[in-house]
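Every number in this text was worked out from the coordinates using simple rules, so none of it is lab data. Computed from a predicted structure; not experimentally measured. Cβ atoms come from the backbone with ideal geometry, glycine included; neighbour counts cover every protein chain shown.
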Amino acid sequence: MEFLQIKFRSSLFKGLQGSGRSPENLSFIKEIALTKGVDALYTFQEIWGNERLLQHLRMAVKKQKTSHAYLFVGSAGAGKRLIANTFAKYLLCTARQDEPCGTCESCRVFDSGNHPDVIHVTSPKKTLGVDEIRAQILETVDIKPYHYEKKIYILHQAHTMTVQAQNALLKTLEEPPKYAVFLLLAETTNAFLPTVLSRTVTLKISPLSEEEISRYLIEKGLVSGEEATFFAAYGQGCIGHALELIEDETFRQMRESILEKMSQLPAMSLPEALLLAKEWEIYKNDYRFLDIIGLWYRDVVVAKALRQEHFIIQKDKKELIFAAANEPTEVLAKKAAAVVKAKERLIQNGNFRLTLEVMLMEIKENGTQ
Ligand SMILES: [Zn+2]
């Protein structure tokens, strides 16, 4: 694990230097490490958003009133793993300060990823089955912690737990050994048996607003102010997503290429426009290109309606956007609707080429040029 972290970080340094960002920016490295699945090293203060929830966890530890089971619910990338890890580290920290101290023996082994009393419960399959619950929890839960007061089980993708797995876990949740703490990380509560839900404290992790993400990206010096707004918009409430996109060269290239074509589209003949459906077959397995087109029209509509740069998300493309904002708002809105429809069709397994041709035709036929 330690080797993995070192190896990963050195490759990340290269990436950072290559893209002109400061390799000294430790916070950024920690964030990226997290989004890539390596256990990152955090304090509560460094976590953005969800202040009340964090305060609740902090106080529970200070007053020694923690529950034996928590269910952290939030969409992918919302920060479940980050918050659960920080909470686990704090629970085990022997310094008893306002934050995990980072220097006691427990904190240090936690940071190495090899804490003997933290068990990450995972599954190689799409579901967390009864076999995993037996082997990773039930067979070890009666063994006392090796060194510390608590023994913490972190169940990843807990919403994929089968009914049998939940039933197998239930007895332990009902009568856990006093040192055991279970942190269930899930994207939804729907998949859980009521009996499991009633044995856990459910904590909802909220996504951040676009403004908060944008502010974060600028404050950490990761992107320019112009770029921050659109990366925040594409991130859809998750700093993790925004950070992944910033590092994703494929996404950046896709965006540049798509936006160039979008700005040229009004001047193209219909046959020329339809050729784009063929050209964009390279994005057959990556529907993000439609989000890019969708955000393009969003900005063009806003530019047309409000005529103010302030409201445009993609400020780096403002010249192109204002140049494209020369059609009536309702016409532009119809084009935007065609993009949404195309995405829905593709998600429902519609034929890729045909769906795009229909979309491009609707965009052209609604045009005034
Ligand atoms: Zn500590």
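Of all residues in region 105-116, those satisfying the criterion of being within 9 Å of the ligand (Cβ to nearest atom) and surrounded by 17 or more Cβ atoms within 10 Å (Cβ to Cβ) are 106, 107, 110. Which of the residues that make up region 237-250 are crowded, with 18+ Cβ neighbours inside 10 Å and not in a helix (DSSP H, G or I)? If the condition is that a residue be crowded, with 18+ Cβ neighbours inside 10 Å and not in a helix (DSSP H, G or I), then 237, 238 are the ones that fit. Selection of region 151-193 for residues being free of Cβ contacts under 8 Å to residues at least 40 places away in the same chain and hydrophobic (A, V, I, L, M, F, W, C) yields 155, 161, 163, 165, 168, 169, 170, 191, 193. Restricting attention to region 47-70, and to residues there that are of a type in the set (A, V, I, L, M) and out of contact with any strand residue (DSSP E or B) (no Cβ under 7 Å at 6 or more places or on another chain), which single residue is farthest from residue 93 (Cα to Cα)? Looking at the filtered set, the residue picked out is 47.
Looking at region 190-206 only, could you name the residues that are touching a strand residue (DSSP E or B) at 6+ places or on another chain (Cβ under 8 Å) and in a loop (DSSP other than H, G, I, E, B)? Selection gives 191, 192, 199, 200, 205. Under 15 Å from residue 261 (Cα atoms) and of a type in the set (D, E, K, R): which single residue out of 364, 343, 334 fits that description? Selected residue: 364, the only one of 364, 343, 334 that is under 15 Å from residue 261 (Cα atoms) and of a type in the set (D, E, K, R). Taken over region 208-222, the criterion of being within 15 Å of residue 234 (Cβ to Cβ) and among the small types (Gly, Ala, Ser) is satisfied by 209, 214. Among the conditions (1) more than 29 Å from the chain's Cα centre (by Cα); (2) near the ligand (Cβ under 9 Å from one of its atoms); (3) within 13 Å of residue 181 (Cα to Cα), the only one that residue 145 does not satisfy is (2). For region 56-92, the tally of residues that are within 21 Å of residue 174 (Cβ to Cβ), touching a Lys or Arg at 6+ places or on another chain (Cβ under 7 Å) and not aliphatic (A, V, I, L, M) stands at 1.
Screening residue 99 against (1) surrounded by fewer than 19 Cβ atoms within 10 Å (Cβ to Cβ); (2) within 23 Å of the chain's Cα centre (by Cα) leaves a single unmet condition, (2). For region 75-104, residues that are at negative phi and more than 16 Å from the ligand (Cβ to nearest atom) total 8.
How many residues are part of a loop (DSSP other than H, G, I, E, B) and touching a residue at least 24 places away in the same chain (Cβ under 8 Å) when one looks only at region 74-95? So the answer is 7. Listed by first and then second residue, the pairs linking a residue in region 124-150 that is over 21 Å from residue 185 (Cα atoms) to a residue that is of a type in the set (Asp, Glu), with Cβ atoms under 6 Å apart and 6 or more places separating them unless they lie on different chains, are 145/117; 146/117; 148/117. Which condition from (1) under 15 Å from residue 154 (Cβ atoms); (2) under 24 Å from the mean Cα position of the chain (by Cα) is the one that residue 55 breaks? It fails just one condition, (1). Residue count for region 225-236 under the criterion of being free of Cβ contacts under 8 Å to residues at least 60 places away in the same chain and surrounded by fewer than 18 Cβ atoms within 10 Å (Cβ to Cβ): the result is 1.
Results for (1) more than 25 Å from residue 219 (Cα to Cα); (2) touching a Phe, Trp or Tyr at 6+ places or on another chain (Cβ under 8 Å); (3) free of Cβ contacts under 8 Å to residues at least 24 places away in the same chain, shown as yes or no for each residue.
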{"position": "238", "(1), (2), (3)": "no, no, no"}
{"position": "269", "(1), (2), (3)": "yes, no, yes"}
{"position": "282", "(1), (2), (3)": "yes, no, yes"}
{"position": "291", "(1), (2), (3)": "yes, yes, no"}
{"position": "302", "(1), (2), (3)": "yes, yes, yes"}
{"position": "335", "(1), (2), (3)": "yes, yes, no"}
{"position": "345", "(1), (2), (3)": "yes, no, yes"}
